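To start, the structure under review is shown below, and the notes come after it.
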């Protein structure tokens with residue numbers, strides 16, 4: 001990120017790193033599984049033959065109690081039948097229409113899929129069984145103008161086990177923080193396009209990482225599901241909060257849309273050609289120029305609306321459900337964003353619930369306790385991707401980058417062959433390790449194998465042969481200083497020198513004679 005900013009310092013106002021969208025799930029873990037729900041029914045003295053009616057009665061109680069919150073505050077309840085409708089836009093329009101600055105905006109209802117329970121007859125065992133099953137039920141979306149988060153919502157599943165989902169936008173939250181500290185800014189939708197004090201704005205964004213999420217979300221959950229404590233008074237349970245997916249964005253703010261537009265086409269081509277981006281999305285976005293002179297004593301929000309809707313392009317790299325993407329936002333903001341949906345690909349240094357002092361590197365969990373580590377991983381991913389984009393502007397002559405790797409050398413007393421980046425075999429290896437999705441969490445031997453060998457094999461001997469061959473190739477790249485091993489893992493990442501060298505070599509390999517002569 002530092003190198004990218006240095007290259008474009010004359011055009012860049014500043015950078016803001018922080019959460020964009022966060023989607024939380026609240027789970028009553030004691031009844032989240034069929035076994036746990038069965039234990040609860042047994043405790044309540046409910047037979048399985050009577051469970052259907054008993055569960056329906058409690059569902060109705062939950063619906064009435066949750067909707068009564070809206071009735072008590074004279075807020076509208078609206079059924080949304082269209083699955084493609086944007087509920088947030090509906091809520092935003094209602095808030096603007098009624099002038100809601102704080103508190104409940106509305107309750108939107110919709111029938112959507114959920115994981116609930118059913119009673120089925122087991123013909124082999126000749127008895128009834130309680131099973132977990134995907135079904136459809138009514139969900140209640142409570143939209144709030146929260147004093148801290150801004151516009152947010154919490155969705156209640158009205159069937160057992162009464163799961164909750166909560167969506168929060170980190171940029172909306174940051175705007176509220178800037179208002180509180182009287183820091184001027186220009187905001188367009190959920191994107192900041194100008195900020196008076198970037199250093200203080202980043203400090204406020206970093207404060208979000210220290211949030212006690214359970215303490216923040218529990219009071220909202222109590223409003224959305226007001227009879228939970230009464231319903232489970234003799235069988236107490238609290239919501240366990242986990243982060244189902246997180247988006248961590250690094251926004252690079254340019255002085256004007258023209259300056260970003262001049263650069264963005266080059267970055268897109270670089271990402272497609274040299275980072276092997278297979279997912280290119282085109283979208284229409286409203287371009288909003290940076291508003292000059294909006295700081296001073298101004299502490300509110302400025303938004304300029306234009307009818308011009310230029311086409312935008314987003315590059316997106318996937319790996320195991322997680323992704324990193326780059327796109328131009330609101331005309332003058334270059335956003336690099338890492339989304340984590342499957343956290344188990346990463347590690348966190350922690351203990352266990354049973355023994356918090358037994359510290360070691362363990363799998364990253366979805367629980368909010370590991371959210372700070374998620375932010376660290378996402379920021380590192382964004383920085384690696386920005387470094388990959390910075391390598392597109394390398395000004396070193398090709399001979400300086402290629403001379404060292406294209407000749408034989410000795411490493412730790414062992415002879416190392418030269419690389420041949422113009423040859424098909426070595427070029428394929430360089431293209432593989434330089435893929436954009438590997439900026440998220442590096443790559444392993446088997447990741448490289450998937451791309452180098454088109455046809456998978458089930459033969460154990462062939463698998464072993466391929467693994468050994470890739471091991472030798474990775475050792476070759478390490479010896480030339482192009483990649484390095486992540487300590488205590490089987491993963492590798494490109495070095496700064498490696499990213500710059502590989503990008504330049506691949507670009508030269510694709511260039512024709514006319515392009516090279518013109519550049520020379």
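The values are calculated or read from the model by the stated rules, or taken from the named source; none is laboratory data. Every value quoted in this text rests on a predicted model; they were computed, and no experiment measured them. Cβ atoms come from the backbone with ideal geometry, glycine included; neighbour counts cover every protein chain shown.
Kindly indicate which of 360, 393, 387 is loosely packed, with under 12 Cβ neighbours inside 10 Å, under 34 Å from the mean Cα position of the chain (by Cα) and farther than 24 Å from residue 211 by Cβ.
360
Got a number for residues in the stretch 151-166 being buried (at least 19 other Cβ atoms within 10 Å of the Cβ) and under 22 Å from the mean Cα position of the chain (by Cα)? So that I can check it myself, show each step before the final result.
Looking only at the stretch 151-166, we keep the residues that are buried (at least 19 other Cβ atoms within 10 Å of the Cβ), and these are 151-164, 166.
Pick out the ones that are also under 22 Å from the mean Cα position of the chain (by Cα) and you get 151-155, 163-164, 166.
Qualifying residue count for the region: 8.
Quick one: in the stretch 298-334, which of the residues that are touching a strand residue (DSSP E or B) at 6+ places or on another chain (Cβ under 6 Å) and assigned to a loop (DSSP other than H, G, I, E, B) is modelled with the highest pLDDT?
332
Restricting to the stretch 109-129, and then to whatever is surrounded by fewer than 18 Cβ atoms within 10 Å (Cβ to Cβ) and in contact with a helix residue (DSSP H, G or I) (Cβ under 6 Å, 6 or more places away or on another chain), can you tell me which residue is nearest to residue 228 (Cα to Cα)?
Here the residue is 119.
Could you pull out the residue among 439, 418 that is surrounded by 10 or more Cβ atoms within 10 Å (Cβ to Cβ), in the same structural domain as residue 501 (by TED's automatic domain parsing) and within 15 Å of residue 274 (Cβ to Cβ)? Steps first, answer last, please.
On the way: 418 fails: within 15 Å of residue 274 (Cβ to Cβ).
When all the criteria are applied, what remains is 439.
Regarding residue 118, is this residue under 30 Å from residue 39 (Cβ atoms), without any contact (Cβ under 8 Å) to a residue 40 or more places away in the chain and more than 28 Å from the chain's Cα centre (by Cα)?
Answer is yes for this residue.
Residues that are without any contact (Cβ under 8 Å) to a residue 60 or more places away in the chain: which strands (runs of 3 or more DSSP E) entirely in the stretch 122-217 hold 2 or more of them?
In the stretch 122-217, 127-146, 150-157 are the strands (runs of 3 or more DSSP E) which contain 2 or more residues that are without any contact (Cβ under 8 Å) to a residue 60 or more places away in the chain.
Quick check on my filter: what residues within the stretch 258-281 are in contact with a helix residue (DSSP H, G or I) (Cβ under 8 Å, 6 or more places away or on another chain), in a helix (DSSP H, G or I) and under 14 Å from residue 325 (Cα atoms)?
Within the stretch 258-281, 267, 270, 271 qualify.
Please go through the stretch 9-37 and give me each residue that is under 30 Å from residue 207 (Cα atoms) and in a helix (DSSP H, G or I), ordered by number.
Looking only at the stretch 9-37, we keep the residues that are under 30 Å from residue 207 (Cα atoms), and these are 9-29.
Selection gives 29 alone.
With out of contact with any helix residue (DSSP H, G or I) (no Cβ under 6 Å at 6 or more places or on another chain) and either at pLDDT 95 or above or buried (at least 21 other Cβ atoms within 10 Å of the Cβ) (or both) as the only criterion, which of 400, 376 stands out?
Testing whether each residue is out of contact with any helix residue (DSSP H, G or I) (no Cβ under 6 Å at 6 or more places or on another chain) and either at pLDDT 95 or above or buried (at least 21 other Cβ atoms within 10 Å of the Cβ) (or both) leaves just 376.
Is it the case, given these coordinates, that residue 40 is assigned to a helix (DSSP H, G or I) and either under 30 Å from residue 392 (Cα atoms) or in contact with a helix residue (DSSP H, G or I) (Cβ under 8 Å, 6 or more places away or on another chain) (or both)?
yes
Would you pick out the residues in the stretch 490-514 that are at pLDDT below 90, surrounded by 13 or more Cβ atoms within 10 Å (Cβ to Cβ) and not in a helix (DSSP H, G or I)?
Result: 511, single match.
Conditions first: (1) crowded, with 17+ Cβ neighbours inside 10 Å; (2) under 23 Å from residue 371 (Cβ atoms); (3) in contact with a helix residue (DSSP H, G or I) (Cβ under 7 Å, 6 or more places away or on another chain). Residue 185 passes all but one, so which condition is the exception?
Every listed condition holds for residue 185 apart from (2).
Please state which of the following conditions residue 229 fails to meet, knowing it meets all the rest: (1) without any contact (Cβ under 8 Å) to a residue 40 or more places away in the chain; (2) part of a helix (DSSP H, G or I); (3) out of contact with any helix residue (DSSP H, G or I) (no Cβ under 9 Å at 6 or more places or on another chain).
(3) is the only condition that residue 229 fails.
Under 7 Å between Cβ atoms, at least 6 apart or on separate chains: pull out the pairs that start in the stretch 344-366 with a residue that is in contact (Cβ under 8 Å) with a residue 60 or more places away in the chain and end on any residue that is surrounded by 17 or more Cβ atoms within 10 Å (Cβ to Cβ) and part of a loop (DSSP other than H, G, I, E, B).
Once the first residue is in contact (Cβ under 8 Å) with a residue 60 or more places away in the chain and sits in the stretch 344-366, its partners that are surrounded by 17 or more Cβ atoms within 10 Å (Cβ to Cβ) and part of a loop (DSSP other than H, G, I, E, B) give 346/364; 347/364.
Which of the following residues is farther than 22 Å from residue 484 by Cα and out of contact with any strand residue (DSSP E or B) (no Cβ under 7 Å at 6 or more places or on another chain): 450, 458?
The conditions single out 458.
Could you please find all residues in the stretch 452-483 being touching a helix residue (DSSP H, G or I) at 6+ places or on another chain (Cβ under 7 Å) and farther than 19 Å from residue 420 by Cβ?
Correct list: 453, 457, 466, 467, 471.
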